Amino acid sequence: MTRMTEAKARLKGSIAPVITPFHEDESIDFDTFRELIHWQIDEGSHGISVTGTSGEPSSMTVEEREQVMETACKTVNGRVPFVPGTGSVNHNEALRLTKAAQEMGADGALVIVPYYNKPNQHALYKHFKTIADAVDIPLILYNIPGRTATNLEADTIAALAADCPNIIGVKESNKDFEHVNKVLLKAGRDFNLYSGIEVLCYPMLAIGGAGHISATSNVAPAKVADIFNEWEAGNVKSAQALHYQMMPLNDVLFRDTNPAPAKAALGMMGKIKPVLRKPLDVPSDSIQQEIHDVLESYGYIRPSYADPV
């Protein structure tokens with residue numbers, strides 16, 4: 001078994017994309033950040049990711065991102081795989097951050113399609129291949145066309161998988177289920193496909209997915225992990241039941257731009273101060289009331305945190 005084959009086998013399940021907590025002045029709250037990572041691991045998350053979409057990386061400097069990644073890596077301390085988000089709109093920044101992830105001992109890196117500048121498929125191939133050639137750690141591509149305005153096509157993913165042995169998978173935050181089926185058809189059934197769309201976590205397992213990187217795991221890590229656990233154990237009906245059980249929470253956590261609802265929810269749960277860096281902000285009072293009501297229905301709100309923040 002090759003090292004990358006071993007990585008594919010190890011990097012499965014629910015990889016939690018942990019939010020970045022901030023103080024009231026929007027500085028990074030590292031103490032709370034460490035507590036969140038410990039909680040995720042204690043609750044059964046199979047891996048930890050930071051500085052992905054849920055971590056507000058575009059609102060951080062490169063130095064801050066490196067600091068957050070380093071803190072997370074030390075906090076995880078090898079207990080589960082650590083796969084930080086290292087992508088950027090800037091190619092050289094993505095290269096620097098991915099190299100930094102390797103140097104600090106990360107188990108892999110999650111590299112997003114560059115946002116805003118809308119590269120064509122040939123340019124995307126060159127971008128990702130250059131990064132893959134510069135490091136030895138496993139890479140997971142991150143396709144989220146709703147944020148990047150560009151879809152990483154299945155043919156491009158397949159070409160990268162064929163030409164770059166350390167590109168082992170893709171996180172698909174793509175509602176086009178035909179597309180994600182074609183990814184596995186063209187890149188190979190052993191290519192790790194992760195769902196980044198909450199309502200597709202279970203369906204992607206059914207077509208051969210490797211797990212999910214779901215923002216909902218910030219709020220309900222055990223249940224999100226158990227969707228994978230039950231499926232992996234052959235308990236299809238239990239996994240299906242969890243899929244439907246989680247739908248109201250999934251829905252309310254995307255009533256506003258991620259991670260605003262998740263941070264509001266974690267605030268109500270007493271886990272963080274619900275602060276986002278500008279230009280993001282907490283959801284409206286009406287959405288916060290919806291979040292509160294859903295959390296209460298799941299039993300996630302402690303009595304002392306029964307009122308919306």
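Taken together, the residues in the range 65-80 that are without any contact (Cβ under 8 Å) to a residue 12 or more places away in the chain and of a type in the set (Lys, Arg) amount to 1. Candidates are the residues of the range 1-35 that are touching a residue at least 24 places away in the same chain (Cβ under 8 Å), out of contact with any strand residue (DSSP E or B) (no Cβ under 9 Å at 6 or more places or on another chain) and of a type in the set (A, V, I, L, M, F, W, C); the one that is surrounded by the most Cβ atoms within 10 Å (Cβ to Cβ) is Ile19.
Note on the range 165-192: residues that are aliphatic (A, V, I, L, M) and within 16 Å of Pro145 (Cα to Cα) amount to 3.
For the range 47-75, a tally of residues being surrounded by 24 or more Cβ atoms within 10 Å (Cβ to Cβ), on the phi < 0 side of the Ramachandran plot and in a loop (DSSP other than H, G, I, E, B) returns 2. For His179, the requirement of being free of Cβ contacts under 8 Å to residues at least 60 places away in the same chain and either outside any helix (DSSP H, G or I) or more than 29 Å from Val294 (Cα to Cα) (or both) is met. For the range 76-165, the helices (runs of 4 or more DSSP H) that sit wholly inside it and include 1 or more residues that are at pLDDT below 95 are 145-148.
For Ser217, the criteria (1) in a loop (DSSP other than H, G, I, E, B); (2) within 15 Å of Ser54 (Cβ to Cβ) hold in every case but one, which is (1). Identify, by number, the condition in (1) out of contact with any Gly (no Cβ under 7 Å at 6 or more places or on another chain); (2) crowded, with 24+ Cβ neighbours inside 10 Å that Trp231 doesn't meet. For Trp231, the failing item is (2).
Among the residues of the range 76-132, just one is charged (D, E, K, R) and buried (at least 19 other Cβ atoms within 10 Å of the Cβ), namely Asp107. Taking only the range 186-207 into account, find how many residues are outside any helix (DSSP H, G or I) and crowded, with 17+ Cβ neighbours inside 10 Å. Final tally of qualifying residues: 7.
Cβ separations smaller than 6 Å between residues 6+ apart or across chains give the following pairs from the range 108-130 residues that are closer than 19 Å to Thr53 by Cα to residues that are surrounded by fewer than 20 Cβ atoms within 10 Å (Cβ to Cβ) and of a type in the set (Lys, Arg): Tyr115/Arg147. Among the residues of the range 1-39, the ones that are β-branched (Val, Ile, Thr) and not in a helix (DSSP H, G or I) come to 6 in all. If we scan the range 43-55, do we find a residue that is under 30 Å from Gly270 (Cα atoms), more than 16 Å from the chain's Cα centre (by Cα) and modelled with pLDDT of 95 or more? The answer is yes; a qualifying residue exists.
A single member of Gln245, Gln240, Gln288 is farther than 27 Å from Val111 by Cα and crowded, with 23+ Cβ neighbours inside 10 Å, and it is Gln288.
The condition (being crowded, with 17+ Cβ neighbours inside 10 Å, touching a helix residue (DSSP H, G or I) at 6+ places or on another chain (Cβ under 7 Å), modelled with pLDDT of 95 or more and more than 22 Å from Arg10 (Cα to Cα)) is satisfied by just one residue among Val219, Val183: Val219.
The set of residues in the range 254-266 that are in a loop (DSSP other than H, G, I, E, B) and crowded, with 24+ Cβ neighbours inside 10 Å contains only Pro259. Restricting attention to the range 135-176, the residues being among the small types (Gly, Ala, Ser), surrounded by fewer than 24 Cβ atoms within 10 Å (Cβ to Cβ) and either more than 15 Å from Thr53 (Cβ to Cβ) or without any contact (Cβ under 8 Å) to a residue 24 or more places away in the chain (or both) number 5. Residues in the range 267-290 that are in a helix (DSSP H, G or I), under 21 Å from the mean Cα position of the chain (by Cα) and of a type in the set (A, V, I, L, M): there are none. Pairs meeting the criteria (first residue in the range 243-254 and closer than 15 Å to Ser286 by Cα, second residue among the small types (Gly, Ala, Ser) and surrounded by 15 or more Cβ atoms within 10 Å (Cβ to Cβ), beta carbons under 6 Å, at least 6 apart or on different chains) are Leu253/Ala262.
The values are calculated or read from the model by the stated rules, or taken from the named source; none is laboratory data. These numbers come from a predicted model, not from an experiment. Cβ sites come from the backbone with ideal geometry, for glycine too, and all protein chains shown count toward neighbours.
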